[in-house]
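One structure below.
The values are calculated or read from the model by the stated rules, or taken from the named source; none is laboratory data. Keep in mind that this is a model prediction, so the values were computed, not measured. All Cβ positions, glycine included, derive from the backbone under ideal geometry; neighbour counts span all protein chains shown. For the accessible areas, the whole protein counts, side chains as well, though only heavy atoms, and no ligand, DNA or RNA atoms are used. Shrake-Rupley method; radii C 1.70, N 1.55, O 1.52, S 1.80 Å.
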Amino acid sequence: MRDEDRDRADLIKELAALRRQVAALTKAESRSHRSSEAWRDLWAQYEAMIEAFDGHIYICSQNFEVEFMNQRFIERTGSYPLGQKCYRVIHDRDEVCPWCVNERVFRGETVRWEVQSPKDHHWYYVVNTPIRHPDGTMSKMAMIQDVTAHKLTELALKEAEAKYRGIYENAVIGIFQSTPDGRLLSVNPALARMHGYDSPEEMIAGVSDLGHQIFVDQEQRREFRRDLEEAGVVRDREYQVYRRDGSKFWISVNARAVRDETGAINYYEGFIQDITERKEGR
């Protein structure tokens, strides 16, 4: 083979190799481009989810420095406090919050809890989650929702329940709930004493059939049930009933039927007064 033919062949080989390198680089660049596009799409989705969250989100480092805040939190603080101490930004404190759970989070634990902020006195439900980075470091992400309205409602319900319980326990008239088949669900202390029992629990345990153990006249028990089923209420009805020891006395009853969403009767409830003195003319 002549030298120039050899040179031409070598040149063709070099060009082919170069083309392969260019093709490989083009392919790599295409993969990189697709990867870059995928990351941009993923970030856009992540950002949309973050901003759609109906609450505040922030990320802080192990030395309490803010690394990220969602827009809602930025608007609450009035600025983007990147690098500032979280306890200063969020709670206006000069040192780490005494309720801080960072130590648990950085041990890998997800911590859920409620806290009242000294900054605005609102109640917040917080979910603290550890974030592990490729270089081995960690951050904490906190997702925070204002639950003040729920908390106030909860406290109001507890107060109302305590007031109701006080009225129920200390009322001088009897209060009861019972099933249509004659079992007691609840009685207050006044009704238990009225029937000769030492406590509501003792009466509930001791009475399994109101028709036979409480009502003297069985027909009056049947009438009581029939009126509640048909009219839903009975007012100022007078019945003769038994005490625990078998002695008899008179009561006046006001009661109603409590129904479920289908209209079926769940239970009866009402008020009972001892009218023995009036009935017997004492």
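Residues that are touching a His at 6+ places or on another chain (Cβ under 8 Å), surrounded by 12 or more Cβ atoms within 10 Å (Cβ to Cβ) and either among the hydroxyl-bearing types (Ser, Thr, Tyr) or more than 26 Å from residue 201 (Cβ to Cβ) (or both) do occur in the range 237-255. Pull up the range 45-59, narrow it to residues that are among the aliphatic types (A, V, I, L, M) and open to solvent by less than 70 Å² (accessible area, probe 1.4 Å), then point me to the one that is modelled with the highest pLDDT. This residue is 59. When the residues of the range 159-193 are narrowed to those that are assigned to a strand (DSSP E or B) and among the polar types (S, T, N, Q), which ends up most open to solvent (accessible area, probe 1.4 Å)? That would be 177.
In this structure, does residue 72 turn out to be assigned to a helix (DSSP H, G or I), at negative phi and modelled with pLDDT of 90 or more? Taking the combined requirement at face value, the residue does not satisfy it.
On the given criteria, is residue 201 touching a helix residue (DSSP H, G or I) at 6+ places or on another chain (Cβ under 9 Å), at negative phi and of a type in the set (Asp, Glu)? Break it down stepwise before answering.
On the way: touching a helix residue (DSSP H, G or I) at 6+ places or on another chain (Cβ under 9 Å): yes; at negative phi: yes; of a type in the set (Asp, Glu): yes.
Yes: the conditions hold for residue 201.
The requirement of being in contact (Cβ under 8 Å) with a residue 24 or more places away in the chain, outside any strand (DSSP E or B) and at positive phi is fulfilled nowhere in the range 130-139; no residue meets it.
Just a yes or no: is a residue in the range 210-224 under 42 Å from the mean Cα position of the chain (by Cα) and free of Cβ contacts under 8 Å to residues at least 12 places away in the same chain? Checking the range 210-224: not a single residue is under 42 Å from the mean Cα position of the chain (by Cα) and free of Cβ contacts under 8 Å to residues at least 12 places away in the same chain. If the condition is being open to solvent by 90 Å² or more (accessible area, probe 1.4 Å) and not in a helix (DSSP H, G or I), then the range 93-106 contributes 94, 95, 98.
For the range 109-120, the condition holds for at least one residue, the condition being that it is surrounded by fewer than 16 Cβ atoms within 10 Å (Cβ to Cβ), modelled with pLDDT of 90 or more and outside any strand (DSSP E or B).
Mind listing whichever residues of the range 194-218 are open to solvent by less than 10 Å² (accessible area, probe 1.4 Å), part of a helix (DSSP H, G or I) and within 12 Å of residue 242 (Cα to Cα)? Outline the logic, then answer.
Of the residues in the range 194-218, the ones open to solvent by less than 10 Å² (accessible area, probe 1.4 Å) are 195, 203, 207, 211.
Next cut, part of a helix (DSSP H, G or I) only: 203, 211.
Within the range 194-218, 211 is the sole residue that qualifies.
Taking the conditions (1) closer than 19 Å to residue 171 by Cβ; (2) charged (D, E, K, R); (3) over 40 Å from the mean Cα position of the chain (by Cα) in turn, residue 269 satisfies each one other than (3).
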